[in-house]
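Written out below as structure tokens is the structure these notes cover.
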Protein chains: 2
Amino acid sequence: MTCIVQKYGGSSVADVGRLRKIARGIADLKRSGADIAVVVSAMGKTTDQLVAMSREISSLPPRREMDMLLSTGERITMAMLCMALHEQGIDAVSLTGSQAGIITNDRHNDAQVIEVRPFRVQDEMANGKVVIIGGFQGVSYKRDITTLGRGGSDTTAVALAAALNADRCEIYSDVDGVYSADPAVVADARHLPEVSFPVMQEMSTAGAKVLHASAVQFAKEKNIAIYARATFSPGRETIVRQLSPGAVVGVQAVVSEKQVERVRLQAADIHGCFKNTVDYLEKNQISIKEVNFIDTTAAGEQTSASFIVSTKDIYGWERIKSVLLNDLKEKIVFDTNLAALSLIGEGLNRNNLTLLETLGLLGDNRITVLGMATTAFRISLLVSADQIEKSVELCHTRWVDNSGG
Amino acid sequence: MTCIVQKYGGSSVADVGRLRKIARGIADLKRSGADIAVVVSAMGKTTDQLVAMSREISSLPPRREMDMLLSTGERITMAMLCMALHEQGIDAVSLTGSQAGIITNDRHNDAQVIEVRPFRVQDEMANGKVVIIGGFQGVSYKRDITTLGRGGSDTTAVALAAALNADRCEIYSDVDGVYSADPAVVADARHLPEVSFPVMQEMSTAGAKVLHASAVQFAKEKNIAIYARATFSPGRETIVRQLSPGAVVGVQAVVSEKQVERVRLQAADIHGCFKNTVDYLEKNQISIKEVNFIDTTAAGEQTSASFIVSTKDIYGWERIKSVLLNDLKEKIVFDTNLAALSLIGEGLNRNNLTLLETLGLLGDNRITVLGMATTAFRISLLVSADQIEKSVELCHTRWVDNSGG
């Protein structure tokens, strides 16, 4: 029997009317004979409201308690969607992340899925039920409720699809797939019907919001095709799957991320200083990226290290910064108001032409590049936050519009 | 070390300001050296709002899903209260009913606590933490989330106090204890500083809202004294505990319950008819009370049965009634718009004088008594709903105001 895992994002389940519409679609699919598991997000702005309420009590609430609080959002959705399915004459049952066997580590607010034990999901499916699962949440080996971080419902869906050996994983949101740039920034952004796993991973990591990076990682490992679709306007879709190498070459998308800061360390004891800083960030469960470490013992040269932090989902970032400043004094500097521009595509590192030409293009337009990092699928450039839209437009016009695709 | 279990009702935790106030009180108590477990209800009208939202989807939602939905309310409160305690410098941890070991049967929406396994609560207490527990919820042996029915947070608190062998159980709400009548109905209702377990049980069953009947049952079995207090106006309290027999005799309180219906069955096959009806109600998890069963085979006499149903917390009562009417036709009659008046006190059945005099008093005031039932601690009379306030006043004046207490 066909086994399908679907995931509906917050805007798709924002109110009772939308839940009813989704329930009708699921009922039709069920009657066609499929086994269905549905992963849901919190309704509309529920998560934001819960976060706002917690901030009224505490500027830096305990992470475990944030997870207890936020996990209620998806539970409301899943119970409501079950009720809507019963009204359609479809037998359905809701399961929490814990009941669905989503086992995570205990990194609260940003937990990693360690294992999926989908026995109960399979039992309920075998009994003919549609299974509705709360996304974004799991349970740690300590039996505490954890959350997977923003966008974690994608991860729940893909991890579950992998564990169930599902035929496909459908991710429904308010956009009909993946674009060559954010359509809100670039008017002629192009819809991409097909994207490879590594390109999608780089896009998500670099700031594209359609799919969560760790979800794509799961899909890649288990080779589960992801169908990204718009919930209420069927038509176009983006399929994320394994593509033969060389099928597409060149820049496929231009992605940007705001609320980025660079942390710079300069000290004689750079090793200890770097270790202490990263240890402290790790203790606060903050990931660093694009590390640049220069250690030289040559006389007169200063040793330095720098890395990038994406600050938008960090609780209490200012408090954490003031602790570091107080501790390290002039050894640490925070470059704020930055943004990261990323060109994503296959084979970008085959030569340096893309990088060189991009640097020239930005320089001609008086945009200063403050840092850079490259991988096989990505070229990222750090620019001032107020120049990011302009940078995206320039690069999109140069690399995507002219690619003749 | 002193071990105290506290419970805060919905109005006590209605907003962030109140949570902060409560947190300050708990912090002071903790610093005085006590081990503390705090059971919380959902914030303010949260439960009502969730019920209303579910009704938009379905008039008779699956009971299991209602429990999944409603249990989120307490989880929000407990996470928020934990955060507020952390702000006070107190280490606290929130536990769901399941994590706190509240094991129930699987009667969804009205589950019975079967067992409490408070190991994790004890572990966290031993680590010096204040433990915040979601009231009203448990977990069934099928590992499904259950709720204990309205007011079930009281039961959570007392059952936990019993399992922890706590020194006392404090129930905080917006009233400072138990009164001889509802002060909203009877202006000179009298505050009762002390009430015995059986009298409190009868009061709760008969409609008094301060304490949940099954909570009092737990307290009686384990002899845990309950202190009913007002959260934000300390002063008076009611202590519910074991009292020596004969310490108080006579009517102590007059309690009323609205939204009561009487179901009457008349049929030749009264046994089968009664059994089928009660079976169907049981399947819908509806409790019946005050059963009146008259079976006589004497020629010409009709056999009949009747019982009382308290309809206010039944989901889909009208739908259930129409099924029964359709099935039993003229064999079943529903007497609607009724209310139950109950006189509660010790030794009410020592003679019939209280009953006889009450019947006379109501008759003199043209109030028709439509049914009656008595126990050792209670005399209940069924009257028309529009005469209930008048009946309560008359009885309170006659039996409580004149008791010289």
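Here are some notes:
- Label separation (residue A:258 vs residue A:284): 2.2 nm, computed from points 7 Å beyond Cα along the C-beta direction.
- What the Cα atoms of the range B:1-82 give is an Rg and a Dmax of 15.5, 50 Å.
- In this simple spin-label approximation, residue B:52 and residue A:187 carry label points 7 Å from Cα along the Cα→Cβ vector, and these lie 4.5 nm apart.
- Dipole axis of chain A (+1 Lys, Arg; -1 Asp, Glu on Cβ), positive-most option in A:326, A:133, A:233: A:133
- Pairs exceeding a 24 Å alpha-carbon distance, out of A:321/B:21; B:7/B:222; B:258/B:390; B:45/B:220; B:329/B:390; A:21/A:312: A:321/B:21; B:45/B:220; B:329/B:390; A:21/A:312.
- For the range B:138-166, the residues whose amide N sits under 17 Å from a probe point set 7 Å from the Cα of residue B:106 along the beta carbon direction are B:138-148.
- For the protein assembly as shown, the fraction of alpha-carbon pairs lying more than 46 Å apart is 36 percent, rounded to a whole number.
- Dipole size of the protein assembly as shown about its Cα centre, with +1 on Lys/Arg Cβ and -1 on Asp/Glu Cβ: approximately 340 debye, rounded to the nearest 20.
- Relative contact order computed over the range A:3-174 (Cα-Cα under 8 Å; 6+ residues apart), in percent: 31
- With label points set 7 Å from Cα along Cα→Cβ, the inter-copy distances at residue B:209 are 4.3 nm, sorted shortest first.
- Antiparallel DSSP beta bridges within the range A:1-125, as percent of all bridges there, nearest 5: 35
- Gaussian network model of chain B, Cα within-10 Å springs - most flexible of B:70, B:281, B:382: B:281
- Looking at the range B:81-144, the chymotrypsin sites (Phe, Trp or Tyr not before Pro) that sit in a DSSP loop and have at most 13 other Cβ atoms within 10 Å of their own Cβ are B:141.
- ³J(HN,Hα) computed for each position of the range B:39-53 - Karplus, 6.51 cos²θ - 1.76 cosθ + 1.60, integer Hz, glycine/proline x: 9, 10, 8, 5, 5, x, 9, 3, 4, 4, 5, 5, 4, 4, 5
- With contributions of -39500 (n - 2.57) from each DSSP H run of at least four residues, the per-residue ellipticity at 222 nm computed over the protein assembly as shown stands at -11000 deg cm²/dmol.
- The string of couplings for the range B:310-318 from the Karplus curve (6.51, -1.76, 1.60, θ = phi - 60°) is 8, 8, 5, 9, 8, 6, x, 4, 5 Hz, one whole number per residue in order, with x for Gly and Pro.
- Inter-copy spacing of residue B:184 label points, which lie 7 Å from Cα along Cα→Cβ, given in nm from shortest upward: 4.6
- The range B:102-165: C-alpha gyration tensor shape, a/c 1.5 cut-off, then a/b vs b/c: prolate
- For the range B:26-95: relative contact order, % (alpha-carbon pairs under 8 angstrom, 6 or more apart): 38
- For the range A:3-174, the spread of Cα coordinates along the three principal axes comes to 49, 33, 23 Å, biggest extent given first.
- Tensor-based shape of chain A (alpha-carbon gyration tensor, a/c under 1.5 rounded, otherwise prolate or oblate): oblate
- Of all chain A residues, the one whose Cβ lies closest to the rotation axis that maps A onto B, given with that distance rounded to whole Å, is A:72, 2.
- Tensor-based shape of the range A:254-403 (alpha-carbon gyration tensor, a/c under 1.5 rounded, otherwise prolate or oblate): prolate
- Residues whose amide H lies under 5 Å from that of residue B:346, counting only those 5 or more places away or on a different chain, are B:250, B:252; hydrogens are built 1.01 Å from N in the peptide plane.
- Chymotrypsin sites (Phe, Trp or Tyr not before Pro) within the range B:282-374: DSSP coil, no more than 10 neighbouring Cβ in 10 Å: none
- Of A:311, B:109, A:52, farthest towards positive along the dipole that unit charges on Lys, Arg, Asp, Glu beta carbons give the protein assembly as shown: B:109
- The same position residue A:24 in the other copies lies at 5.4 nm from this copy, comparing label points 7 Å beyond Cα toward the beta-carbon, shortest first.
- Charges were assigned to the Cβ only: +1 to each Lys and Arg, -1 to each Asp and Glu. The resulting dipole of chain B about its Cα centre is roughly 620 debye.
- Qualifying trypsin sites (Lys or Arg not before Pro) for the range A:339-405 [loop in DSSP, other Cβ within 10 Å: at most 11]: A:350, A:366
- For the peptide B:137-149, the mean number of other protein chain Cβ atoms found within 10 angstrom of a residue's Cβ is 1.
- Magnitude of the charge dipole for the range B:3-174, about its Cα centre and with charges confined to Cβ atoms of Lys, Arg (+1) and Asp, Glu (-1), is about 100 debye.
- Each of A:251, A:157, A:94 was placed along the dipole of chain A (beta-carbon charges, centred on the mean Cα), and the one lying farthest toward the positive end is A:94.
- Where Rh is the Kirkwood radius over Cα pairs, Rg/Rh for the range A:167-208: 0.97
Every number in this text was worked out from the coordinates using simple rules, so none of it is lab data. What you see is a predicted model; the values in this text were computed from it and never measured. Positions of Cβ are generated from backbone atoms using ideal geometry, with glycine treated the same way; all protein chains shown enter the neighbour counts.
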